[in-house]
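Reading through the structure tokens given below for one structure.
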Amino acid sequence: MAKLEQDTFLANRAIQMHGKCGRIDRAKRIFDSLTHPNVFSLNIMISAYAQSGYVAQAKALFDSFKFPDTVTWNAMLTALVQEGHYEEAKELFDRIPNRNQVSWNAMLTAYAQLGNVNELESFFQKLPNPNVVTWTVMVQGYARCGRVDRAKWVFDGMPIKNVVAWTALLSAYTQNWHIEDAKIVFDSMPVRTLVSWNAMLSSYATSGHAFESENLFQNMPLHDLVSWTCMLQLHCSKGDMDRAVAFFDQIPAFDIISSNVMLTALTTSKDQFQKAMGLFSKMELRDANSWAAILTLYTRSGELSKGMRYFYEKMPEHSVKSWNTLLQANAAAGNLEEVNKLFWKMPFWSLASFCSIIVANSCCGRLDNSREVFTSMPERDLVAWNVMLESYATNGHLELAKNLFDSMPEWDVASWSSLMGAFIHTGNLTGASEIFKDLPQRSALFWNALLVAFARSGDLEDAKKIFDRSPSRDLAAWNTMAAGFSQFGRGGDALESFHSMLLEGMRADEISVLHALIGCNHLGLVENAGRIFASMAADHRLAPWIEHYSVMAEALGRSCEAGAARELVDSMPYFPDKKTLGGLETSKLNPTVSKLACFLNES
């Protein structure tokens, strides 16, 4: 009997390991081989199915067990919540014979993920004994709805605040792009764990604050894979694949998550096909995300048919995510007929599958089909509502977007963003401004969206008023104003904006410098342009793009500095494109290489 229990224990550990690695076929084989599976075996197998998106299989296994315990009920409930099956989760919750705090908190998490504030608050009132987890879920729920003020209110009223609650508030600010408020919370935390550090690091990295990310990373007491992966994502997002690969090679012990980040980044360019396939072949563990990245790689390389063959022939298991990736890949390629065929081939559908079909039809202008799929969905979460709303918005159907918005059970940040985007997309900036006034909370995301709309339309006076009123002018806002000025020939204002930004302590990025150079070019201030160009590496630690070289070469050419322009182009680490060569063609031949040319070459 002791040996049997030991064998079952070891088998359970193996099932758990394979489940976490996405090897469901191996986990199932071990589970099926058990002569006497215990309740722990059942719970682990259900969790393994859930982690890979196989909710139907998890439910079938749950239904086959005669005497599930509370842990089993909670495992199945959590699986349904994680995959967005909220109606089934509510039905299961009502059937649980002995609910404990885990059961209540799992169901509260479902309402938090739905983004329905009314139902979230109503369910919270029913909880028998709310604990710190309960309060933390409420903070997360309000954050998901964009109600950061309510999240802060709940946090302030918590009887006990642990580091998880502090981190939840930190995440509430970062999710809604309140980076400065997030930093205040981070600095106020009485105790910081590695999770706290990583949360702040992730907020900087995902918002593109490279300098702050680097600084925080260097000051962290220790790093784990999450820390390394955050920085890796930052390098990947900036498109610097050489630096990203070099950073990836420095990671002490990368896991499947960091490998997938690097793999996904490499798949963004068909030029990295061999590197991506090389990394994929070296990966000892692969999950649905790994295979989905390879499918994306083939698609972006113009080899969608090969990618589909790879999917059918090489992939050991076809997960929901991989099926959805195929749907999205064919949708992006405009293969609507193939999308519909794949949809009906799928063994089962997730909410993401329905959303993919809606998006595919929307991209092809088949809004009637999108609406039909939407209305036929067995259940809809807030994401599905937002996908349909965004479909109307991007296709310029303002009235339909407004009507759908009004009929939605609840709104979150994405809902308001789509509605405001519908007005902007149709050129109705007055309507967009009215929506902006009605927002429950105006984050930097909305301020910047309105600013971009006015700046791109050429209404720079109103754009400047919006910019001046914005409570948190981030780098994106400064760059938007500079871009508007340079695009519409107001070089002096573009240059003044650049210097004002630096005086306010904002760190310039490549885009900031580019628009400053364009402003100098408009005004014929070639020496100013030279100093700004040279400051990229010296003061801002930035590597010039080919666009910087092009503008600088054009500025030199217009100033009769043909030799200097030619030397600059010859020295740049890029192959000259048409725009760069066009800058040289505007040159007026001058045999003298100026002091400015020497200055640039020395820099």
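The values are calculated or read from the model by the stated rules, or taken from the named source; none is laboratory data. Given the structure is predicted, the values throughout are model-derived calculations rather than measurements. Ideal geometry is used to build each Cβ from the backbone, glycine not excepted, and the neighbour counts take in all protein chains shown. Protein only, heavy atoms only, side chains kept; ligands, DNA and RNA dropped before computing areas. Shrake-Rupley method; radii C 1.70, N 1.55, O 1.52, S 1.80 Å.
Provide the per-residue ³J(HN,Hα) series for segment 518-530, in order, calculated from phi with Karplus coefficients 6.51, -1.76, 1.60 and θ = phi - 60°, each as a whole number of Hz, with x at glycine and proline positions.
4, x, 4, 5, 4, 8, x, 8, 5, 5, 4, 4, x
Would you work out the charge dipole size for segment 468-549 about its Cα centre, treating the Cβ of every Lys and Arg as +1 and the Cβ of every Asp and Glu as -1, and quote it to the nearest 20 debye? The partial results should precede the final answer.
On the way: 6 positive and 10 negative charges, 6 e Å.
Here segment 468-549 has a charge dipole of around 40 debye.
Hey, what do the phi angles of segment 460-475 turn into as Karplus ³J(HN,Hα) couplings, whole Hz, using 6.51/-1.76/1.60 and θ = phi - 60°, x for Gly and Pro?
Per-residue couplings from phi come out as 6, 5, 5, 4, 5, 5, 5, 4, 5, 7, 4, x, 9, 7, 8, 4 Hz.
Within segment 1-80, list the trypsin sites (Lys or Arg not before Pro) lying in a DSSP loop whose Cβ has at most 13 other Cβ atoms in a 10 Å radius. Before the final figure, lay out each step's value.
Numbers: sites: K3, R13, K20, R23, R26, K28, R29, K59, K66; in loops: R23, K66.
Here the trypsin sites (Lys or Arg not before Pro) that fit, given the DSSP loop and packing criteria, are K66.
Only Cα pairs under 8 Å and at least 6 apart count here; give the relative contact order of the chain as a rounded whole percent. Spell out each step's value before the answer.
Details: 812 pairs, mean separation 39.6, N = 603.
After rounding, I find 7 percent.
Using a cut-off of 12 Å between beta-carbons, work out the net charge of the residues near F348 (Lys and Arg +1, Asp and Glu -1, F348 not included).
+1
In percent, what relative contact order does segment 1-146 have, based on Cα pairs under 8 Å that are 6 or more apart in sequence? Don't skip to the answer; put the middle values down first.
On the way: 159 pairs, mean separation 22.7, N = 146.
For segment 1-146, the relative contact order is 16 percent.
Please give the helix 382-394 orientation as an angle from the longest Cα principal axis of the chain, in degrees from 0 to 90, rounded to the nearest 10.
30
Which net charge results when you count Lys and Arg as +1 and Asp and Glu as -1 among the other residues whose beta-carbon is under 15 Å from that of E372? Walk me through the intermediate numbers first.
Numbers: positive: R366, R371, R380; negative: D368.
Counting the neighbours of E372, the net charge comes to +2.
Can you give the alpha-carbon Rg of the chain over 2.2 N^0.38 Å, where N counts its residues?
After normalising by residue count via 2.2 N^0.38 Å, the value is 1.09.
K282: which aspartates and glutamates have alpha carbons under 15 Å from its alpha carbon, excluding same-chain residues fewer than 8 sequence positions away?
Leaving aside aspartates and glutamates fewer than 8 places away in the same chain, those within reach of K282 are D249, D255.
P(r) for segment 257-409: what percent of alpha-carbon pairs falls in each 5 Å bin, starting at zero?
2, 9, 18, 19, 16, 14, 11, 7, 3, 1, 0
May I ask which of K28/K314; K20/K183; K183/K464; K126/K345 have a Cα-Cα span longer than 31 Å here?
Values: K28/K314 20 Å; K20/K183 33 Å; K183/K464 27 Å; K126/K345 42 Å.
K20/K183; K126/K345, as the Cα separations exceed 31 Å there.
Could you state how much accessible area C236 has, in square angstrom rounded to the nearest 10, with a 1.4 Å probe and all protein chains kept in place?
Counting only protein heavy atoms, the figure is 20 Å².
So for the pair Q218, Q441, with labels modelled 7 Å out along Cα→Cβ, what separation do we get in nm?
Label at Q218, label at Q441, 3.3 nm between them.
Helix-only mean residue ellipticity at 222 nm, the chain, DSSP H runs n ≥ 4 weighted -39,500 (n - 2.57), per residue, nearest 500. What is it? Before the final figure, lay out the partial values.
Details: 38 runs with 443 residues, N = 603.
It lands at -22500 deg cm²/dmol.
Carbon-plus-sulfur fraction of the accessible area of the chain, 1.4 Å probe, in percent? Walk me through the intermediate numbers first.
On the way: 15520 of 28870 Å².
Here carbon and sulfur together make up 54 percent of the probe-accessible area.
For segment 442-550, calculate the relative contact order in percent as a whole number, restricting contacts to Cα pairs under 8 Å that are 6 or more residues apart.
On the way: 129 pairs, mean separation 21.7, N = 109.
Reported relative contact order: 20 percent.
Taking 0.36 nm per residue of sequence separation and subtracting the Cα-Cα distance, how much length would be gained by fully extending the chain between V191 and N100, in nm to one decimal? The partial results should precede the final answer.
Numbers: separation 91, 0.36 × 91 = 32.76 nm, distance 2.95 nm.
Between V191 and N100, full extension yields an extra 29.8 nm.
By how many degrees, 0 to 90 and rounded to 10, does the Cα axis of helix 546-558 deviate from the longest principal axis of the chain?
Tilt relative to the chain: about 10 degrees.
Could you state the accessible area per residue of the chain in Å², with a 1.4 Å probe and every protein chain left in place? Don't jump to the answer; show the numbers that get you there.
Values: 28870 Å² over 603 residues.
Ligands and nucleic acids excluded, the result is 48 Å² per residue.
So, R0 is 45 Å and r is the distance between the beta-carbons of S376 and R541; what FRET efficiency does that work out to, to 0.05? Write down the numbers at each step before the final one.
Values: r = 54 Å, r/R0 = 1.19.
Rounded to the nearest 0.05, the efficiency is 0.25.
Please check the chain for the longest run free of GluC sites (Glu not before Pro) that are loop-located per DSSP (anything but H, G, I, E, B) and have at most 16 other Cβ atoms within 10 Å. Mind dumping the intermediate values first?
Values: sites that count: E284, E303, E317, E379, E410, E504.
Here the longest segment lacking exposed loop sites spans 1-283.
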